[in-house]
Each structure stands twice: as C-alpha cells, then as structure tokens.
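Encoded as structure tokens, the structure appears first; notes follow it.
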Amino acid sequence: MINIEKLSDTAHRMVVIAEFRQADAERLVEFAKERNAAGGGGSILIDVTAVTDFTFSAVAVELAHVPSLMKWVYGLDRIAIVSDNDWVRTGARLESALLPRVVYEVYDEDEADAARAWVMGESEGPHTGAVHELDIGKPGIAAYELSGRLDRDESERGVAMVQKRLEDPDCTRLLLVIKNWHGFDLDRLLSRKVLSAKLEIANKLERYAIVGGPAWVRGYAEFTGNFVKAEIKAFDLDERDEAIAWLEEVPAIAMNA
C-alpha cells in the first residue's frame, strides 16, 4: 500500500507499507504526472521502513512509465529515503550516484525526524551533527559520542574538535562512545584532513577507549593500535564505566619512573 501526503507547497511524504502492488505503482505514476504537469520541482520524503515485498505487475507498471517517472525524479530538488533495510539503503545510495542533479540522502528509521526536517528545508544540513562532546568530569579525558552517520564534513568537524581538546597538554586520553551507528560515506576516506588528523591524534594520546559500535570497527581500531603511540582498547556499549576506569589507570612504566 502507498500513501502520499502533502507536507507543504513544495514537499510531499510517501509511505510504502507491506506489499507494493500494481495499484500502488499506478498511484505513483499518477502522482509523478501530476507533479510534472504542475511544473515539477519540490522535495519528496519516501518512507519504506514497513515495506515487505513488491509484485511483478507493479514493476511492469513502473517500467511502462519510465519517462514520466524519470522526468519527475530529475526535476526534484531533494529526495530523502528512510529505511531500516540494508539492501534498500545500499540501493538508494547507488541510485543517488546516478542522479547528480538531485540532492539525495538516505536515513535510518530512527532518523525520520531529521529526514522530514531536511525535506521541509527546516535544517541547515541533511544530517544532524553525529559527533557530540561528553562531559564526564575527567579533565584528563577527552570524551565524545558518535551517533548517526559520518559524512566527510562531519568527520572533518569531529577530528577538529578532538584536536582542539588535545591542545591541553594534560589531556592525553580519549573516550569514544558509539551509539546508533549508521555507517559512513566513502567520500570521507578521501579527506586528507581526516587521515592526517587521525594519525596526529593517535600519536598524541596515551590511551584511547572505544565503547560500542560494530565489532569490525572495534577490531580495526585495536589492530591499528599496533602502529601508533596510543594504546587502544575496545569495550561493549554497557562497559562505559570500565572504559573510563581503564583510561584513568596509570601505566606501569609511569609508576616505576
């Protein structure tokens, strides 16, 4: 089932629930033609968190009306896709690469409010800041929380925040708590600012604790600890107190000095 509602004069929200059938595809085509007749443009929020399947007859309808659908899509200013399915998000990001003239963003289910705000033009950027400083009452520990998706701009902003904090010579430990991990944009890997800053940070720190996040992130972080000055250790999300206690420990070398 498909439901289309008007959010504003220039924005609409489309929700696909359960199975996407022929009648739903016909409604989509009708909507696209209506928007084309009105001059196109505007933004669309597409929520597919509750979709379960689609029928071949629905696909046939879409294929029969590709010109109208593509004219509508290429005329849009912003497209936001909300989904909790990995294959949907991956497919949407691949499709966005093929639509260079359209600003296209993908959101997880718990980012629905951010997606709506972006489509409505109520937020400065597509994603709210993913990196936030934490106040844990430990001046020697720089503490941050990562929640959401890291794009290039947010990655550069995040490492700059940490670098600024580490200008204090008494701050030599870092705590990173990862919640609601939504991955990262590949573009951030091309940022020299991020790469050089991460290396500088790792060689300034004595200890770096990562709490939460995917197992591969923690495993990779601990592996890189073999090549930098900082001692890096990963903890489960419910082990934040243990991570802080580890960060506060005085290394045996310092105790014996």
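The values are calculated or read from the model by the stated rules, or taken from the named source; none is laboratory data. Here the structure is a predicted model, which means the values were calculated and not measured. Every residue, glycine as well, gets a Cβ built from its backbone with ideal geometry; the counts of neighbours run over all protein chains shown. We work out accessible area using only protein heavy atoms, side chains counted, and drop any ligands, DNA or RNA first. Shrake-Rupley method; radii C 1.70, N 1.55, O 1.52, S 1.80 Å.
Numbers at a glance
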item	result
Qualifying positions in region 37-49 - buried (at least 16 other Cβ atoms within 10 Å of the Cβ) and more than 11 Å from residue 10 (Cβ to Cβ)	45, 46, 47, 48, 49
Subset of region 50-61 that is surrounded by fewer than 17 Cβ atoms within 10 Å (Cβ to Cβ) and under 23 Å from residue 106 (Cα atoms) - its residue that is nearest to the chain's Cα centre (by Cα)	50
Residue list for region 15-31, filter: surrounded by fewer than 18 Cβ atoms within 10 Å (Cβ to Cβ), among the aliphatic types (A, V, I, L, M) and in contact with a strand residue (DSSP E or B) (Cβ under 6 Å, 6 or more places away or on another chain)	15, 17, 18
Residue list for region 95-130, filter: assigned to a loop (DSSP other than H, G, I, E, B), among the aliphatic types (A, V, I, L, M) and either touching a strand residue (DSSP E or B) at 6+ places or on another chain (Cβ under 9 Å) or at pLDDT 75 or above (or both)	99, 102, 120, 130
Lone unmet requirement of (1) open to solvent by 30 Å² or more (accessible area, probe 1.4 Å); (2) in contact with a Leu (Cβ under 8 Å, 6 or more places away or on another chain) for residue 34	(2)
Given (1) at pLDDT 90 or above; (2) crowded, with 17+ Cβ neighbours inside 10 Å; (3) touching a Phe, Trp or Tyr at 6+ places or on another chain (Cβ under 6 Å); (4) of a type outside the set (A, V, I, L, M, F, W, C), number of the condition residue 133 does not satisfy	(2)
Test: residue in region 159-179 that is among the small types (Gly, Ala, Ser) and open to solvent by less than 20 Å² (accessible area, probe 1.4 Å)	no
Index of the failed condition, residue 92 passing every other in (1) modelled with pLDDT under 75; (2) within 13 Å of the chain's Cα centre (by Cα)	(2)
